[in-house]
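Trainee: Handing you a structure now.
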Amino acid sequence: MFRELWQRFRPDTVSRRTARDRLQDILDQDRTPLYPELIDALKPELVEVFSRYFEVERGQLAVEVERHNGTATLIVNLPFRRCKATVAGGRERELPSPPQPHIDPSQFCCPNPQCPNAGKKGPHNHIIRSGFYGKGKRIPLLKCQVCGKRFSVRRNTVLFKLKVKEETFYQALAFLVKGKKIATTAQMVGCDPKTIRRWVKRALHHKDEVSHFLQQYLECEPEQLLRFWTQKER
Ligand SMILES: [Zn+2]
C-alpha cells in the first residue's frame, strides 16, 4: 500500500522539469512574439549595418531566436571575409586618395647610370611624362629623352614596387602609429602580419615622406609618429 502511494506521488523530477520548461517556452513565445516576416524584414538591414564594418557573405546570413528563462536572444550568424579598414570612431571612412601631385618632370632625373643625362635635374633635364603603369594604370611614368629609359615617379619613394594600394599601406601604418598591435592591424587591413612588418621596415627608410602623409591625411599626431619611429628603430 505504502509502496503504491509512493509510486504515485514520488516527485518525478525529470519529467516535472521538462513540463515546466515547456510551459516556460510557451509563455516566452507569448511575451515576445517573433514572426518570420519580422526576421525577413530585419535581415537586409542587418546586412547593411555589418557591411559597413566587414566584408560579409551576404547570402549566408542566418537569424535565429533562442528563448531561455523569459528572455529571447537573437542569434545572428553572418560569415565575413575581413574587417574593413576603419579609423578611430569605428565607422568606415573613405580612405583619402593620396595626393595625385602635380608631376613636375624637372624635379626628376634619369636613373640610368650609363646615360650621359644621369642625375641631371632642372628644366633642361630632358625628362618628360610618358603614360602610366600599374593596376588601373594610375601610376605616372617618366621618360629620359636621351637614353629612352622609362621610370616610375615612385622610384626612390616609399611606394616603389608596393604590391597593394597605397591607401591600404598608409592605413596600416596609421593604425600602428595610433597604437594598434601588428596582429590587429593585419586583421583590419586584411593581410598577413609578416607583410605589415615588411611595410614597417619599408616605411623606416622613408620616415619623412610617410610622416608627412600620415599627418596630413590620417590624423596622426607628431608625438605619436615620434614615439612610433623611436620604438620601431630600436
Ligand atoms: Zn637617360
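Trainee: For Cα pairs less than 8 Å apart in space and 6+ apart in sequence, what is the mean separation divided by the residue count of region 166-233, i.e. the relative contact order in percent?
Mentor: 36 percent
Trainee: Across all directions of projection, what mean area in square nanometres is found for the Cα convex hull of region 166-233?
Mentor: Working: hull surface 15.5 nm².
Taking a quarter of the hull surface, the average projection is 3.9 nm².
Trainee: Additional query: Can you tell me the order of 113-126, 146-159 when each peptide is scored by its average per-residue count of other Cβ atoms within 10 angstrom, highest first?
Mentor: Details: 113-126: 12.4, 146-159: 16.1.
Those peptides, ordered most packed to least, come out 146-159, 113-126.
Trainee: While we're on this one: Report the FRET efficiency, 1/(1 + (r/R0)^6), for ASN69 and ALA183, where r is their Cβ-Cβ distance and R0 is 35 Å, rounded to 0.05. Write out the running numbers ahead of the final one.
Mentor: Values: r = 38 Å, r/R0 = 1.07.
For ASN69 and ALA183, the calculated efficiency is 0.40.
Trainee: HIS205 to VAL47: FRET efficiency via 1/(1 + (r/R0)^6), r the Cβ-Cβ distance, R0 30 Å, to the nearest 0.05?
Mentor: Here the calculated transfer efficiency is 0.10.
Trainee: Also, quick follow-up: Which whole number in µm²/s is D for region 105-152 by Stokes-Einstein, with the Kirkwood Rh taken over Cα pairs at 4 °C and 1.567 mPa s?
Mentor: 121 µm²/s
Trainee: While we're on this one: With each pseudo-label sitting 7 Å past Cα toward Cβ, what's the PHE54-ILE39 distance in nm, one decimal?
Mentor: Placing both labels 7 Å along Cα→Cβ, they lie 1.8 nm apart.
Trainee: To continue, here is another question. Quickly rank 185-197, 219-231 as a protection proxy: mean count of other C-beta atoms within 10 Å, highest first. Could you put the intermediate results ahead of the total?
Mentor: On the way: 185-197: 16.8, 219-231: 14.1.
Result, highest mean Cβ count within 10 Å first: 185-197, 219-231.
Trainee: Just to be sure I understand the curve: with the Debye formula and one point per C-alpha of region 95-210, what is log10 I(q)/I(0) at q = 0.16, 0.24 Å⁻¹?
Mentor: -0.81, -1.31
Trainee: Separate question: For a 18 Å ceiling on Cα separation, which of these pairs sit above it: LYS120/LYS163; LYS121/LYS201; LYS178/LYS207?
Mentor: Over 18 Å Cα-Cα: LYS120/LYS163; LYS121/LYS201.
No lab work stands behind these numbers, since they all come straight from the coordinates. Keep in mind that this is a model prediction, so the values were computed, not measured. When we count neighbours, we look across all protein chains shown, and the Cβ atoms used for this are built from the backbone with ideal geometry, even at glycine.
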